Amino acid sequence: MSHARRARARISFALAVTATSALTAAVLTTAACTDLASYSTSSGKQYVGCVVAADFVLTGVSPTTELCLTLDANQLQTAPGALSSTDGRFQSTPLRPIPQLWNDPLSTFNFGEGRTKNLLYMASPSPDAGGGGVGGDVTVVVSLMESGDVEVRLLRGAPGVTTPDAASTQAESATNIFAVFPLKLRRNGCASLSASSCAPDAAPL
């Protein structure tokens, strides 16, 4: 591609983003204040749930981990909420918005069915969480479900390319995370977090 064609492509993309960013931001702001307001948590109830303990959708997280989410649907772009987990990885850890995301079509991403809105954030694991604090920030995907529940997905890293140095590949994969948490509102949810709630023989709450 010539320099001129590349320049025209960049300009076209910039114009498209500029034309849509204001509308996207307006739609998101309106939605946060109206349609999504019911997803906000309170001091009495938070979203809580156990990780899906199936190997094909789980790595880097204990299969008995319970997660709690606080959410302010009126501040999704600034101070959306925080995560806490029984493994100590998150301890009222703030969800960090990506400012540029709200001006990009990625802010409207969708997948699966039954989702009102999907949100993308970053979170920094506690340095005191042992292995969980190693490896850097975790990407957090929050899905507001049509049922009124919430799903949270934690993602970090990917398997390394196979090399003659197998030990290096294994060490890298030890920091990878993929975990799915279906969450429901629960009274005093964050205060009552317990790994025993997610044990295979635990009684339903």
Cβ-Cβ below 8 Å, separation at least six or inter-chain, first residue in the stretch 63-77 and closer than 13 Å to residue 97 by Cα and part of a loop (DSSP other than H, G, I, E, B), second at pLDDT 95 or above and among the small types (Gly, Ala, Ser): which pairs? 72/40; 72/79; 72/81
Determine the pairs where a residue that is surrounded by fewer than 23 Cβ atoms within 10 Å (Cβ to Cβ), located within the stretch 38-53, has a partner that is assigned to a loop (DSSP other than H, G, I, E, B) with Cβ atoms under 6 Å apart, the partner being 6 or more residues away or on another chain. 40/72; 53/63
Let me spell it out: the conditions are (1) of a type in the set (A, V, I, L, M); (2) crowded, with 17+ Cβ neighbours inside 10 Å; (3) free of Cβ contacts under 8 Å to residues at least 24 places away in the same chain, and residue 141 meets all of them except one. Which number is the exception? (2)
Select from the stretch 54-88 the residues that are over 14 Å from the mean Cα position of the chain (by Cα), aliphatic (A, V, I, L, M) and buried (at least 16 other Cβ atoms within 10 Å of the Cβ) and list them in ascending order. 58, 61, 73
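Just checking: which of the strands (runs of 3 or more DSSP E) contained wholly in the stretch 93-157 hold 3 or more residues that are more than 25 Å from residue 60 (Cα to Cα)?
On the way: elements: 115-123, 138-145, 150-156.
In the stretch 93-157, the matching strands (runs of 3 or more DSSP E) lie at 115-123.
Look at the stretch 41-62 and say how many of its residues are in a loop (DSSP other than H, G, I, E, B) and of a type in the set (A, V, I, L, M, F, W, C). Explain how you work it out, then say what you get.
If we filter the stretch 41-62 for residues that are in a loop (DSSP other than H, G, I, E, B), which is where we start, we get 41-44, 51-54, 58, 60-62.
Now restrict to residues that are of a type in the set (A, V, I, L, M, F, W, C): 51-54, 58, 61.
Residues meeting the conditions: 6.
Please find, among 196, 168, the residue that is small (Gly, Ala, Ser), in a helix (DSSP H, G or I), loosely packed, with under 14 Cβ neighbours inside 10 Å and at pLDDT 90 or above.
Numbers: 168 fails: at pLDDT 90 or above.
One residue alone meets the criteria, 196.
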Residue by residue through the stretch 78-92, note down the ones that are among the aliphatic types (A, V, I, L, M) and either more than 16 Å from residue 180 (Cα to Cα) or assigned to a loop (DSSP other than H, G, I, E, B) (or both). 79, 82
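The values are calculated or read from the model by the stated rules, or taken from the named source; none is laboratory data. A quick note: this is a predicted structure, and the numbers were derived from the prediction, not measured. Cβ: placed from backbone, ideal geometry, glycine included. Neighbour counts: every protein chain shown.
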